[in-house]
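What follows is calculated from the coordinates using simple rules that are stated; it is not laboratory data. In this text the structure is predicted, and so the values were computed from the model without any measurement. A quick note on method: Cβ atoms are made from the backbone with ideal geometry, for glycine too, and the neighbour counts reach across all protein chains shown.
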Amino acid sequence: MALLIKNGEIVTASERYFADIYCEGETITRIASGVSAPPETRVIDAAGKYVFPGFIDPHTHIYLPFMGTFSKDTYETASRAALIGGTTTIFDMCCPARDTEPAEGFRIWTEQSAGKSACDYSFHMAVTRFDAASAAQLREIVAAGVASFKIFLAYKGAFGIDDGELYQTLKLAHELGVIVAAHCENETLVAERQKELLAAGVRGPEGHYESRPPLVEAEGVHHLMTFAQLTGAPVYIVHLSCEEALAEALAAKLRGVNVRVETLIQYLVLDASDAERGNFEGAKYVMSPPLRDKRNQAVLWNGLRAGLIDTVATDHAPFDFEAQKTMGRDDFTKIPNGIPALEDRINLLFTHGVQTGRIDLHTFVSIASTNAAKTFGLFPCKGTIQPGADADLVVYDPHYRGTISAKTQAMNLDYSAFEGWPVQGRPSAVTVRGEVVVEDGQFVGTPGRGKFLARQPGYL
Ligand code: URP
Ligand code: ZN
Ligand code: ZN
């Protein structure tokens, strides 16, 4: 059935105007004023609302075996939550353990997602070991449509790779024309500081910050920048959290390194004091890099406004408080890392960014959709509103007022890091390739209809 979105104010990364959007099948076919459509057309009245391109979360962990447990969402639960929150495409990290072959990892993540997701999705392929056999498989995985790698400079003994592997991975990425997303923290410094803190009797969640202070992250960024400069590989720094790390990335940019930067909604609205909450509540706020001193928030907002930071993701890594975060009750190094936010990213960014005047509407669309589509090879199918693009649309009500709560969220999780927080705005309707998947804020989509988005290398 055709779809017509009438009377809305269309906002893209570069334009803002009133027009109707007509979609046939999965695609936007016409944008004009006063579009009339055949009688059987599904019509959504967007008067008083914005119409944004579907939002893209470039960094999630829907399925993740990690720190002795498994992330709590499934592709069914996470994609429903994503769509309610206005996110129509996710990039999940395909993260096989070091002793698992990349091909097997890709098979497992495909099995976890295929036929289950209601939103579209792609993967970043984690390189957790580099040798001749894995390199051959990585080439095949890129050919199968996974045109980006992920590496970890942290998590010694788990996902982390050594410098030789880092160099070889970046050389391969450069040769194949794929971008490398990187978690930048110096794993040796983290491991040494964790040992020191535990030996000194620091066992609670507050120890997490001290084990990974800003310099540990800045060193990781500097390290990656050196290797990227020497190999010429394009790189994408995931979850950048602080001024010191941003300074390293910008210095490298000035040297000509092809680097893009992601921050997370969590770093923009939460801070280190949240991880210091008593009664083990701080464990809900343990992620890596850690939440930072509040002074960093202005730096990150300014970086987004100035175009120095490209994207806002979630790094959605959902672990329950009661049964999972408590695995680290007597040892902060065993608290599963992650602060889930897939459902809340857009509403928090709109509330704390647009409604406060920190960023304008075009920056909002750029950092939450368009830049990710361009960085990872989906543009202009995704990330904008134009004839020929996928009909992924978010009809957004800026007048909605509501409250975040674990009791009402769709994420499969026993807590919310934003419990009781007000939001000023929400998606009232959402479409994915022409299908209405959210109506009046409720999920009405089809589990399993989400498509794996194969991407070709060489898009940068
Ligand atoms: O704390 C985090 N970020 N958890 C997920 C794993 C990762 O580092 O991306
Ligand atoms: Zn990470
Ligand atoms: Zn991550």
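Quick check on this structure: which one of Ser79, Ser71 is within 15 Å of Ala317 (Cα to Cα), small (Gly, Ala, Ser) and within 16 Å of ligand 2 (Cβ to nearest atom)?
Result of the check over Ser79, Ser71: Ser71.
I'd like the full set of residues that are within 13 Å of ligand 1 (Cβ to nearest atom) and of a type outside the set (Lys, Arg), limited to region 325-340.
Scanning region 325-340 gives Gly328, Phe332, Thr333, Ile335, Pro336, Asn337, Gly338, Ile339, Pro340.
Out of all the residues in region 32-50, which are touching a residue at least 60 places away in the same chain (Cβ under 8 Å) and either over 28 Å from Thr363 (Cβ atoms) or out of contact with any Asp or Glu (no Cβ under 7 Å at 6 or more places or on another chain) (or both)?
Arg42, Ile44, Ala46, Gly48
As an exercise: evaluate Arg449 against (1) assigned to a strand (DSSP E or B); (2) within 22 Å of the chain's Cα centre (by Cα); (3) among the charged types (D, E, K, R) and give the number of the one condition it does not meet.
Looking at each condition in turn, Arg449 falls short on (1).
Quick grid of which residues meet (1) on the phi > 0 side of the Ramachandran plot; (2) free of Cβ contacts under 8 Å to residues at least 24 places away in the same chain; (3) touching a helix residue (DSSP H, G or I) at 6+ places or on another chain (Cβ under 8 Å); (4) polar (S, T, N, Q):
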| site | (1), (2), (3), (4) |
| --- | --- |
| Met327 | no, no, yes, no |
| Ile346 | no, no, yes, no |
| Thr363 | no, no, yes, yes |
| Thr370 | no, no, no, yes |
| Gly388 | yes, no, no, no |
| Val395 | no, no, no, no |
| Trp421 | no, no, yes, no |
| Pro427 | no, no, yes, no |
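Kindly provide the set of residues from region 267-290 that are farther than 19 Å from Ala218 by Cβ and among the charged types (D, E, K, R), ordered by number.
Matches in region 267-290: Asp274, Glu276, Arg277, Glu281, Lys284.
State whether one or more residues within region 2-13 are farther than 30 Å from Ile339 by Cα and loosely packed, with under 13 Cβ neighbours inside 10 Å. Talk me through it step by step, then tell me what you get.
In the first step, residues of region 2-13 are kept if they are farther than 30 Å from Ile339 by Cα; the result is 2-10.
From what's left, loosely packed, with under 13 Cβ neighbours inside 10 Å: none.
No, region 2-13 contains no residue that is farther than 30 Å from Ile339 by Cα and loosely packed, with under 13 Cβ neighbours inside 10 Å.
What residue, among those in region 414-434 that are part of a loop (DSSP other than H, G, I, E, B) and not acidic (Asp, Glu), is nearest to Gln324 (Cα to Cα)?
The residue in question is Tyr415.
Answer yes if at least one residue in region 127-145 is among the hydrophobic types (A, V, I, L, M, F, W, C), within 16 Å of ligand 2 (Cβ to nearest atom) and touching a residue at least 40 places away in the same chain (Cβ under 8 Å), and no otherwise.
Yes: one or more hits.
Which one of the conditions (1) in contact with a Lys or Arg (Cβ under 7 Å, 6 or more places away or on another chain); (2) under 14 Å from Leu453 (Cβ atoms); (3) within 13 Å of ligand 1 (Cβ to nearest atom); (4) not small (Gly, Ala, Ser) does Met93 fail to meet, given that it meets all the rest?
Condition (2) is where Met93 drops out.
For Val437, state whether it is closer than 25 Å to Gly145 by Cβ and part of a strand (DSSP E or B). Quick ask: steps written out before the conclusion?
On the way: closer than 25 Å to Gly145 by Cβ: yes; part of a strand (DSSP E or B): yes.
Against the criterion (closer than 25 Å to Gly145 by Cβ and part of a strand (DSSP E or B)), Val437 qualifies.
Here are some residues: Ala251, Ala298. Which one is touching a residue at least 12 places away in the same chain (Cβ under 8 Å), more than 15 Å from ligand 2 (Cβ to nearest atom) and surrounded by fewer than 19 Cβ atoms within 10 Å (Cβ to Cβ)?
Only one candidate qualifies: Ala251.
Do you know which residues across region 202-213 are crowded, with 17+ Cβ neighbours inside 10 Å and part of a helix (DSSP H, G or I)?
Scanning region 202-213 gives Glu206, Gly207, His208, Tyr209, Ser211.
Quick check: anything in region 320-335 touching a strand residue (DSSP E or B) at 6+ places or on another chain (Cβ under 8 Å) and more than 20 Å from Ala82 (Cα to Cα)?
Looking for residues that are touching a strand residue (DSSP E or B) at 6+ places or on another chain (Cβ under 8 Å) and more than 20 Å from Ala82 (Cα to Cα), one finds at least one in region 320-335, hence yes.
Looking only at region 305-324, filter to residues that are of a type in the set (A, V, I, L, M) and surrounded by 24 or more Cβ atoms within 10 Å (Cβ to Cβ); which one of those is farthest from ligand 1 (Cβ to nearest atom)? So that I can check it myself, show each step before the final result.
Going through region 305-324, the residues of a type in the set (A, V, I, L, M) turn out to be 306, 308-309, 312-313, 317, 323.
Next, only the ones that are surrounded by 24 or more Cβ atoms within 10 Å (Cβ to Cβ) stay: 309, 312-313, 317.
On the way: Ile309: 17, Val312: 14, Ala313: 10, Ala317: 4 Å.
The extreme case among them is Ile309.
For region 254-264, state whether one or more residues are surrounded by fewer than 24 Cβ atoms within 10 Å (Cβ to Cβ) and farther than 20 Å from Val178 by Cβ.
yes
Hand me the list of strands (runs of 3 or more DSSP E) wholly inside region 223-319 holding 1 or more residues that are under 15 Å from Ile339 (Cβ atoms) and of a type outside the set (Ser, Thr, Tyr).
Passing ranges, in order: 259-264, 311-313.
Looking at region 228-247 only, could you name the residues that are on the phi < 0 side of the Ramachandran plot and either within 16 Å of ligand 3 (Cβ to nearest atom) or buried (at least 22 other Cβ atoms within 10 Å of the Cβ) (or both)? Let's see the steps before the verdict.
Narrowing region 228-247 to residues on the phi < 0 side of the Ramachandran plot: 228-231, 233-238, 240-247.
Ala228, Ala233, Val235, Tyr236, Ile237, Val238, Leu240, Ser241, Cys242, Ala245, Leu246 - these are the residues of region 228-247 that are on the phi < 0 side of the Ramachandran plot and either within 16 Å of ligand 3 (Cβ to nearest atom) or buried (at least 22 other Cβ atoms within 10 Å of the Cβ) (or both).
Identify, please: which residue in region 157-201 is within 13 Å of ligand 1 (Cβ to nearest atom) and of a type outside the set (Gly, Ala, Ser) and is, among those, surrounded by the fewest Cβ atoms within 10 Å (Cβ to Cβ)?
Looking at the filtered set, the residue picked out is Glu187.
Go over the candidates Val432, Val423 one by one and state the one that is among the β-branched types (Val, Ile, Thr) and more than 23 Å from Ala317 (Cβ to Cβ).
The unique qualifying residue is Val432.
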